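Asker: Before anything else, here's the structure in question.
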Amino acid sequence: MSIMFSEENEKKNDKLLSKALFWARAFTHGTFVDKRMAVVRKEAFDVNDNLMLLLFGDFLGIPNPISYYMLEVLPYFAEDLIAWERRMQNRKFIIAEKAAQYDFD
(Lines give C-alpha, C1' and ligand atoms only; values in the text may rest on other atoms or scores of the structure.)
Protein backbone atom coordinates (compact mmCIF):
# COMPACT_ATOMS: atom_id res chain seq x y z
CA MET A 1 0.00 0.00 0.00
CA SER A 2 2.76 2.46 0.85
CA ILE A 3 4.56 1.62 -2.40
CA MET A 4 1.49 2.53 -4.49
CA PHE A 5 1.02 5.68 -2.48
CA SER A 6 4.60 6.83 -3.12
CA GLU A 7 4.33 6.07 -6.87
CA GLU A 8 1.20 8.21 -7.10
CA ASN A 9 2.97 11.02 -5.27
CA GLU A 10 5.93 10.75 -7.62
CA LYS A 11 3.63 10.97 -10.65
CA LYS A 12 1.88 14.02 -9.18
CA ASN A 13 5.23 15.62 -8.39
CA ASP A 14 6.47 14.90 -11.91
CA LYS A 15 3.35 16.51 -13.39
CA LEU A 16 3.70 19.55 -11.15
CA LEU A 17 7.38 19.84 -11.95
CA SER A 18 6.78 19.59 -15.69
CA LYS A 19 4.03 22.24 -15.49
CA ALA A 20 6.25 24.53 -13.44
CA LEU A 21 9.10 24.02 -15.91
CA PHE A 22 6.79 24.77 -18.83
CA TRP A 23 5.58 28.01 -17.23
CA ALA A 24 9.13 29.02 -16.30
CA ARG A 25 10.28 28.50 -19.90
CA ALA A 26 7.29 30.44 -21.23
CA PHE A 27 7.96 33.27 -18.78
CA THR A 28 11.63 33.58 -19.68
CA HIS A 29 10.82 33.37 -23.39
CA GLY A 30 8.22 36.12 -23.10
CA THR A 31 10.40 38.26 -20.88
CA PHE A 32 13.68 38.12 -22.73
CA VAL A 33 13.38 36.63 -26.22
CA ASP A 34 10.23 38.39 -27.43
CA LYS A 35 11.48 41.80 -26.36
CA ARG A 36 14.77 41.28 -28.18
CA MET A 37 12.95 40.06 -31.28
CA ALA A 38 10.74 43.16 -31.21
CA VAL A 39 13.85 45.35 -31.16
CA VAL A 40 15.38 43.43 -34.07
CA ARG A 41 12.11 43.59 -36.01
CA LYS A 42 11.83 47.36 -35.42
CA GLU A 43 15.41 47.87 -36.57
CA ALA A 44 14.78 45.81 -39.71
CA PHE A 45 11.69 47.92 -40.50
CA ASP A 46 13.71 51.10 -39.96
CA VAL A 47 16.46 49.95 -42.33
CA ASN A 48 13.85 48.92 -44.90
CA ASP A 49 12.07 52.28 -44.54
CA ASN A 50 15.32 54.17 -45.01
CA LEU A 51 16.13 52.21 -48.17
CA MET A 52 12.67 52.72 -49.61
CA LEU A 53 12.83 56.43 -48.74
CA LEU A 54 16.15 56.70 -50.51
CA LEU A 55 14.88 54.89 -53.58
CA PHE A 56 11.30 56.15 -53.84
CA GLY A 57 11.18 59.37 -51.85
CA ASP A 58 9.64 61.17 -54.80
CA PHE A 59 6.39 59.28 -54.14
CA LEU A 60 6.16 61.21 -50.87
CA GLY A 61 7.15 64.53 -52.41
CA ILE A 62 10.85 64.47 -51.65
CA PRO A 63 12.75 65.47 -54.80
CA ASN A 64 15.09 62.78 -56.06
CA PRO A 65 17.29 63.69 -59.03
CA ILE A 66 17.92 60.06 -60.00
CA SER A 67 14.32 58.87 -59.71
CA TYR A 68 14.33 57.91 -63.39
CA TYR A 69 16.99 55.28 -62.69
CA MET A 70 15.18 54.06 -59.61
CA LEU A 71 12.31 52.93 -61.82
CA GLU A 72 14.50 50.00 -62.88
CA VAL A 73 14.27 48.48 -59.39
CA LEU A 74 10.56 49.23 -59.00
CA PRO A 75 9.42 45.71 -60.04
CA TYR A 76 11.49 44.21 -57.20
CA PHE A 77 9.94 46.48 -54.57
CA ALA A 78 6.44 46.89 -55.99
CA GLU A 79 4.70 44.58 -53.54
CA ASP A 80 6.27 46.36 -50.55
CA LEU A 81 5.70 49.86 -51.88
CA ILE A 82 2.04 50.32 -50.86
CA ALA A 83 2.59 49.13 -47.28
CA TRP A 84 5.70 51.29 -46.99
CA GLU A 85 3.89 54.37 -48.27
CA ARG A 86 1.10 53.90 -45.71
CA ARG A 87 3.62 53.34 -42.92
CA MET A 88 5.51 56.50 -43.83
CA GLN A 89 2.36 58.59 -44.10
CA ASN A 90 1.18 57.43 -40.67
CA ARG A 91 4.47 58.40 -39.04
CA LYS A 92 4.03 62.05 -38.19
CA PHE A 93 7.14 62.65 -36.10
CA ILE A 94 9.95 60.58 -37.62
CA ILE A 95 12.69 62.70 -36.03
CA ALA A 96 11.08 62.32 -32.60
CA GLU A 97 10.90 58.55 -33.09
CA LYS A 98 14.59 58.40 -33.97
CA ALA A 99 15.51 60.60 -31.01
CA ALA A 100 13.50 58.36 -28.67
CA GLN A 101 15.41 55.35 -29.98
CA TYR A 102 18.64 56.80 -28.66
CA ASP A 103 17.13 58.32 -25.48
CA PHE A 104 17.41 61.95 -26.54
CA ASP A 105 14.75 63.85 -24.65
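Asker: Name the pairs whose Cβ atoms lie under 7 Å apart, with the first residue in segment 57-75 and within 16 Å of Arg86 (Cα to Cα), the second small (Gly, Ala, Ser) and surrounded by 14 or more Cβ atoms within 10 Å (Cβ to Cβ), and 6 or more positions between them or separate chains?
Answerer: Pairs found: Asp58/Ser67.
Asker: While we're looking at this one, here's another question. Testing Pro63 on (1) modelled with pLDDT under 80; (2) over 17 Å from the mean Cα position of the chain (by Cα), one condition comes back false. Which one is that?
Answerer: (1)
The values are calculated or read from the model by the stated rules, or taken from the named source; none is laboratory data. Keep in mind it's a predicted model, so treat the numbers as computed, not measured. When we count neighbours, we look across all protein chains shown, and the Cβ atoms used for this are built from the backbone with ideal geometry, even at glycine.
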